[in-house]
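To start, the structure under review is shown below, and the notes come after it.
The values are calculated or read from the model by the stated rules, or taken from the named source; none is laboratory data. All values derive from a computational prediction rather than experimental measurement. Ideal geometry is used to build each Cβ from the backbone, glycine not excepted, and the neighbour counts take in all protein chains shown. Remember, those area values only see protein heavy atoms, side chains included, never the ligands or the DNA or RNA. Shrake-Rupley method; radii C 1.70, N 1.55, O 1.52, S 1.80 Å.
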Amino acid sequence: SPAESRSPDSLESFSNLHSGCPSGSELNSDAEEAAGGDGGGERPGGPRERFPGQSVYHIKWVRWKEENTPVITQNENGPCPLLAIMNVLLLAWKIKLPPMMEIITAEQLMEYLGDYILDAKPKEISEIQRLNYEQNMSDAMAILHKLQTGLDVNVKFTGVRVFEYTPECIVFDLLDIPLYHGWLVDPQVADIVKAVGNCSYNQLVEKIISYKQSDNSELVSEGFVAEQFLNNTATQLTYHGLCELTSAVQEGELCVFFRNNHFSTMTKYKGQLYLLVTDQGFLTEEKVVWESLHNVDGDGNFCDSEFHLRPPSDPETVYRGQQDQIDQDYLMALSLQQEQQNQEINWEQIPEGISDLELAKKLQEEEDRRASQYYHEQEQAAAQVQVRNAVLQNMNQVQGAASPASGRQSGSNERKRKEPRDKEREKEKNSCVLL
């Protein structure tokens, strides 16, 4: 379309970029046919067919800090940089969507973002600051279209907010949204620190290739150390990075977390990091809003908007029927129990001077031990329940088999109970005769 082929020269053109874009009410009417209560699955005549060539995303409304707030969900090919940024602005209530809007196009998201940038322009600033801000806007304009496909972000391994300078990073500065990562080298591991140095990821890959082909054995060894570091941290999150990340992010801060070429909306609540759940598969799961980020393996716990532990209730996942509520209540109790146990850690026993990596490992080992103990107790409890059920079943079978002769058995037992009484009476009778 002509709107898609235009290359805007200024932010002012954003509001006119997609003037032919469907309104929110039109999108909602089509969303009713597309969603139909089946979790947002597409149907013939759904939004994808109604808006050919446009990326359409479903909106999930959650109760965030006592206010009904929209969250943009993501399909498997969604533009995660755009969605991560928009969700930060939506959760911060800096951008608001029409009430109960159910779907939105990528073009509309870009229009909302452009309008916000225009409105957020500082009003009272010096001439130098104004020129600097306009230059940043100009640089950001050149790459805003990449938000729909992906940004060129190149991490450095020395800090959670240290990235190689690229024009893409200006977008986050312009929007005042912090960008973090957790792929760090532990400064106490000297050989890795030397091998990695101040390289960015791209520079480190080139360095590894160059060093491994060198005739200098020391360089070859250093290249192998760097390569081993990348292999051992393929999840792009280290325990040292997680500790630094937890320390750097402010309580209640809304930011963007970069990992494995994916951008996620992140926040911190009571000292714990959480990632916003934007998978479209959880569209109907109102209680699944955040996922905890507490280890490098990525297996976090789902929580609601108030950060209470809430597993998914989809019967196709783990929980079925009434068992879902039982498990939810139990996991809630488990969460409180774990929180209490964590508070009972004797920090005085931790040696002074311990590194963040060693401390994180100790905490993880303690968590694994408690988890293992818990599962062991649950297995024992389950086994006891099975034994109890088996015993009850056998008793029912025995009683059922004995029921036809119950009267006769009762009489026989009655005679057995009477026989000792008769003997006593006979004994008393004989005693009377003797007297």
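If the condition is being open to solvent by 30 Å² or more (accessible area, probe 1.4 Å) and within 25 Å of the chain's Cα centre (by Cα), then region 86-143 contributes A92, W93, K94, K96, M100, E102.
Is one or more of the residues making up region 147-156 assigned to a helix (DSSP H, G or I) and surrounded by fewer than 15 Cβ atoms within 10 Å (Cβ to Cβ)?
Our first condition is that a residue be assigned to a helix (DSSP H, G or I); within region 147-156, this holds for 147-148.
With surrounded by fewer than 15 Cβ atoms within 10 Å (Cβ to Cβ) added as a condition, the list becomes none.
Checked region 147-156: no residue is assigned to a helix (DSSP H, G or I) and surrounded by fewer than 15 Cβ atoms within 10 Å (Cβ to Cβ).
The residue pairs whose first member lies in region 200-216 and is touching a residue at least 24 places away in the same chain (Cβ under 8 Å), whose second member is outside any helix (DSSP H, G or I) and open to solvent by less than 80 Å² (accessible area, probe 1.4 Å), and whose beta carbons are closer than 6 Å, counting only pairs six or more residues apart or on different chains, are S200/N154; S200/K156; S200/E164; Y201/N154; Y201/V155; N202/N154.
Give the residue that is farthest from G241 (Cα to Cα), with candidates limited to residues of region 296-308 that are at pLDDT below 90 and not small (G, A, S).
So the first thing to find is which residues in region 296-308 are at pLDDT below 90, and the list is 296-300.
With the extra rule that they be not small (G, A, S), the set shrinks to 296-297, 299.
Values: V296: 9, D297: 13, D299: 17 Å.
Checking each candidate, the answer is D299.
Residues that are open to solvent by 60 Å² or more (accessible area, probe 1.4 Å) and part of a loop (DSSP other than H, G, I, E, B) within region 184-210 comprise P187, Q188, N198, listed in sequence order.
Listed here are the residues, each with its yes/no results for (1) touching a residue at least 40 places away in the same chain (Cβ under 8 Å); (2) of a type in the set (D, E); (3) under 26 Å from V249 (Cβ atoms); (4) in contact with a His (Cβ under 7 Å, 6 or more places away or on another chain).
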residue: M137; (1), (2), (3), (4): yes, no, no, no
residue: I143; (1), (2), (3), (4): no, no, yes, no
residue: K146; (1), (2), (3), (4): yes, no, yes, no
residue: V153; (1), (2), (3), (4): yes, no, yes, no
residue: K156; (1), (2), (3), (4): yes, no, yes, no
residue: V162; (1), (2), (3), (4): no, no, yes, no
residue: V171; (1), (2), (3), (4): yes, no, yes, no
residue: L174; (1), (2), (3), (4): yes, no, yes, no
residue: W183; (1), (2), (3), (4): yes, no, yes, no
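Restricting attention to region 164-190, the residues that are among the hydroxyl-bearing types (S, T, Y) and farther than 19 Å from H145 by Cα add up to 1. Of the numbered criteria (1) at positive phi; (2) free of Cβ contacts under 8 Å to residues at least 40 places away in the same chain; (3) touching a strand residue (DSSP E or B) at 6+ places or on another chain (Cβ under 9 Å), the one C303 fails is (1).
Residue by residue, here is whether (1) among the aromatic types (F, W, Y); (2) open to solvent by 20 Å² or more (accessible area, probe 1.4 Å); (3) assigned to a helix (DSSP H, G or I); (4) at pLDDT 95 or above holds:
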site	(1), (2), (3), (4)
F258	yes, no, no, no
T267	no, no, no, yes
L273	no, no, no, yes
G281	no, yes, yes, no
T284	no, yes, no, no
K287	no, yes, no, no
H294	no, yes, no, no
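Would you say A120 is of a type in the set (A, V, I, L, M) and at pLDDT 90 or above? Against the criterion (of a type in the set (A, V, I, L, M) and at pLDDT 90 or above), A120 does not qualify.
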